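As structure tokens, the structure follows; a few thoughts come after it.
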Ligand code: F0G
């Protein structure tokens, strides 16, 4: 395939450095072979994350100039509230500084000690914010999601047998709520179908269970529904989004992804009780309920970005740029998660580096090697991210041991995708020379952010 035509032109550019081989080798050693600990100035193409890394439009920048920096009741709060009502269809919203602020408020309110939260697949911060108030997050995604080669069009779907199994095992009172992520990050950016969401609503209604979405990448999920699900071929994205949300009781949202802004988040709901409880707690942890840790200008950029990020023309370009990188790698037989997801291309580190045991952290090793080879920064999404078992303290080795090449929105050109693909293909040809890593420092929470490693000999 060819790279998609960008539906915009470039008005402002940012210079980036291109560290030489010697500097790259030094920089990754100094960073303890953890790409989170690299300095941005040592990175050429930054595919660490799609979070907070988007390029804003002239319309969003213009909106920032009408930021109303009042402590209370800023006009931009009301613009944001209206945008959420119009696009997602929720009546109430509580702003937060970013997604994990919303997770904290929502999950600490809904989870009681000893309760279980089934979710299609865990995400790092979501799992932690369920564990902190004493809960446990368990996965109920379909088996296909654990198989990188399986081309199921909706690998984010819930497996109802697994969900029923948790209800039978723990009892309905032990289930706090059901948590569904759209465009499941840890599964490779894989969508959930509308049919699955609709069925889940019926299933949960029978048990009077609440459904809370992690709607962080719901616009990209809506694009896949339009592309792949019968009956939605010509449906406007906003209509798809509103139908998706109508099957939930509320959502948390990190606006640093699909909303095309650099900071911000919110939770939204139609449930007055959830709204009142979380609106009260937001003043303890984030800021007043009409800004929640965002400046007025941030809320304006977010209100506008939520709309722009739900435009079909933009989403078509976005998803196809990610797919373009995926197709370049697949053409060279590099093992990736299929089909290519919404926000990133995920390399299958177990197949890429089959000579490394799980204890040598193949995905962490591969992310460090890619940086050293070409200055492209990616991220481990495997056993280091998953962490340890809460009870036994043992490392958990999930089936998926991946490296995420995450594409910021509207930031890189198709030529940057080609450079990245060339470098990964080059490394794939030399893969037998890549040695593993030993973890030498491990922080207690979310270890992947700050853990440090040393190289071990082949
Ligand atoms: N939920 C999902 C699905 C996410 O991907 C993230 C963040 C969050 C919640 C938390 O939001 O960062 O605004 O506090 N994901 C980033 C990533 C960090 O790189 O995937 P946040």
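Readers should treat all values here as calculations from the given coordinates under stated rules, not as data from a laboratory. In this text the structure is predicted, and so the values were computed from the model without any measurement. Because the Cβ atoms are built from the backbone with ideal geometry, glycine has one as well, and the counts that use them run over all protein chains shown.
Laid out as a table, the results:
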| read-out | value |
| --- | --- |
| Contour excess over end-to-end distance, with Cα ends at residue 392 and residue 450 and 0.36 nm allotted per residue | 18.7 nm |
| For 358, 438, order by how many other beta-carbon atoms lie within 10 Å, fewest first | 438, 358 |
| For the range 142-169 and the range 1-74, distance of Cα centres in Å | 34 Å |
| Cβ-based exposure ranking for 154, 177, 266, 203, in which fewest neighbours within 10 Å come first | 203, 154, 177, 266 |
| Calculated [θ] (222 nm, deg cm²/dmol) that DSSP helices of n ≥ 4 give over the chain, each run adding -39,500 (n - 2.57) | -12000 deg cm²/dmol |
| Label-point separation, residue 242 to residue 272 (7 Å along Cα→Cβ), nm | 2.3 nm |
| Point-to-point label distance, residue 442-residue 426, nm (Cα→Cβ direction, 7 Å offset) | 3.5 nm |
| Difference of contour (0.36 nm per residue) and Cα-Cα distance, residue 433 to residue 195 | 81.1 nm |
| Computed label-point distance, nm, for sites residue 311 and residue 15 using a 7 Å Cα→Cβ extension | 3.1 nm |
| Contour excess over end-to-end distance, with Cα ends at residue 143 and residue 285 and 0.36 nm allotted per residue | 47.3 nm |
| Sorted peptide list for 341-353, 83-95, 10-22, criterion being average Cβ within 10 angstrom, highest first | 341-353, 83-95, 10-22 |
